[in-house]
Amino acid sequence: MAQQTMKDILNRMLNHEELSREEMKNILIGITQSEYPTEQITALLTALQMRGVTVDELLGFRDGILETGVPAILNADRYIDVVGTGGDRKNTFNISTTSCFVIAGAGYKVAKHGNYAATSVSGASNVIQHHGIKFTDDIDKLNRSLNEAGIVYLHAQLFAKAMKFVGPIRKALQFPTIFNLLGPLVNPSQPQCQLLGVANLDQMRLYNQVYQKIGIDYGIVNSIDGYDEISLTGDFKVTTKQYERIFSPKDLGFEIAKPEELVGGATEEEAAAIFDSVLENRALPAQKNIVLANAAFGIQVLEKGQKSIEECVDIARESIDSGAALKTFKKFVELNSYD
């Protein structure tokens, strides 16, 4: 039955037809039940990539990943995830992850979803693990971390069970697929707020429609020179529920940063050292400013756009300058570094 269904679906793809959200969800579930040969999955992923993924197709795969994965039910009304799509190949330091601790230090709740690096030296999971954190899907431990430290880390591989079924295919294909777009959308705690960095404006349009359909509070950021975060190396665009506009670094009171000031280093150790230096308030001014900018837009999303970006920068700055961000990180390490 499944064979016939996939044959029909591939024929429709060849006719440039779009698939429904329900069809895509069922395909994803079928993949996790090993219903399709590798060649058919490869053909589907290739066809989707060549034609371009629709909002409903993306949401259908998201539904399937969440349904077949491990949920993370957190005891908090409102929390945020700050994440980038990755793939900008800029090898920046862990800007999103550092920003998360600054936001948590400011008294907000954060559920950071992440993984090991795909295209840079150090991904979120690399820098977290480097500090001795043990990844867990134990819901009591996760809630304790969120309630006592204000932040919880959700290591993607423990939750999205579907991903292991397509790992070898993605590796063999060596080009981005729909799964690269799904990472930011499958946080198993399904946060009510998200700040997402994208590498280009086509992705910004796609995710803008996706978030509107999901119905959460969001901000999507893109640096015009191709960074999937606010890099302060030039102008950047921000789209939220409330507005869409282009900012320059000076609009936030910051100097323009040099690309080399954002680099995460050649090793995990070097990337972790930059992460530490920001939280300890001894980083290069550009490194601190970049984290402040990203944290500020995250805070503005949490505040439903009710605070100006200048106010949000001040809140983020206070989190670092007062030592609150560092204290938050130390508490997080204490709670999460034992079995």
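The values are calculated or read from the model by the stated rules, or taken from the named source; none is laboratory data. Remember, predicted model here, so these are calculated numbers, not experimental data. Please note: Cβ atoms are built from the backbone with ideal geometry, for glycine as well, and neighbour counts cover all protein chains shown. The protein model used for the area step is the full one, side chains on, heavy atoms only, and it has no ligands, DNA or RNA in it. Shrake-Rupley method; radii C 1.70, N 1.55, O 1.52, S 1.80 Å.
Filtered by the rule that a residue be over 30 Å from residue 223 (Cα atoms) and either surrounded by fewer than 19 Cβ atoms within 10 Å (Cβ to Cβ) or among the polar types (S, T, N, Q) (or both), the stretch 60-98 gives 67, 68, 70, 71, 73, 75, 76, 77.
Among the residues making up the stretch 298-312, those that are surrounded by 22 or more Cβ atoms within 10 Å (Cβ to Cβ) and among the aliphatic types (A, V, I, L, M) are 299, 301, 302. For the stretch 171-185, give me each residue that is in a loop (DSSP other than H, G, I, E, B) and either open to solvent by less than 10 Å² (accessible area, probe 1.4 Å) or under 14 Å from residue 100 (Cβ atoms) (or both). 177 - this is the single residue of the stretch 171-185 that is in a loop (DSSP other than H, G, I, E, B) and either open to solvent by less than 10 Å² (accessible area, probe 1.4 Å) or under 14 Å from residue 100 (Cβ atoms) (or both).
With respect to the stated conditions, residue 14 fails to be on the phi < 0 side of the Ramachandran plot and surrounded by 14 or more Cβ atoms within 10 Å (Cβ to Cβ).
For residue 80, indicate whether it is more than 29 Å from residue 121 (Cα to Cα) and aliphatic (A, V, I, L, M). For residue 80, the condition - more than 29 Å from residue 121 (Cα to Cα) and aliphatic (A, V, I, L, M) - is not met.
Among the residues of the stretch 312-319, are any more than 22 Å from the chain's Cα centre (by Cα), without any contact (Cβ under 8 Å) to a residue 24 or more places away in the chain and under 19 Å from residue 136 (Cβ atoms)? No.
Only residues that are without any contact (Cβ under 8 Å) to a residue 12 or more places away in the chain and over 19 Å from residue 72 (Cα atoms) were counted in the stretch 124-148, giving 1.
A count restricted to the stretch 82-141 and to residues that are charged (D, E, K, R), part of a loop (DSSP other than H, G, I, E, B) and either modelled with pLDDT under 95 or under 12 Å from the mean Cα position of the chain (by Cα) (or both) stands at 3.
Selection of the stretch 214-249 for residues being without any contact (Cβ under 8 Å) to a residue 60 or more places away in the chain, assigned to a loop (DSSP other than H, G, I, E, B) and farther than 20 Å from residue 193 by Cβ yields 224, 225, 233, 234, 235, 248. The condition of being exposed (fewer than 14 other Cβ atoms within 10 Å of the Cβ) and of a type in the set (A, V, I, L, M) does not hold for residue 6.
Taking residue 278, is it surrounded by 15 or more Cβ atoms within 10 Å (Cβ to Cβ) and touching a Ser or Thr at 6+ places or on another chain (Cβ under 6 Å)? Yes.
Could you list all residues from the stretch 30-49 that are surrounded by fewer than 17 Cβ atoms within 10 Å (Cβ to Cβ) and either of a type in the set (S, T, N, Q) or under 24 Å from the mean Cα position of the chain (by Cα) (or both)? Correct list: 33, 34, 38, 46, 49. Test residue 250 against the stated conditions and say whether it is surrounded by fewer than 21 Cβ atoms within 10 Å (Cβ to Cβ) and touching a helix residue (DSSP H, G or I) at 6+ places or on another chain (Cβ under 8 Å). So residue 250 fails the test. Among the conditions (1) surrounded by 19 or more Cβ atoms within 10 Å (Cβ to Cβ); (2) under 18 Å from the mean Cα position of the chain (by Cα), the only one that residue 57 does not satisfy is (2).
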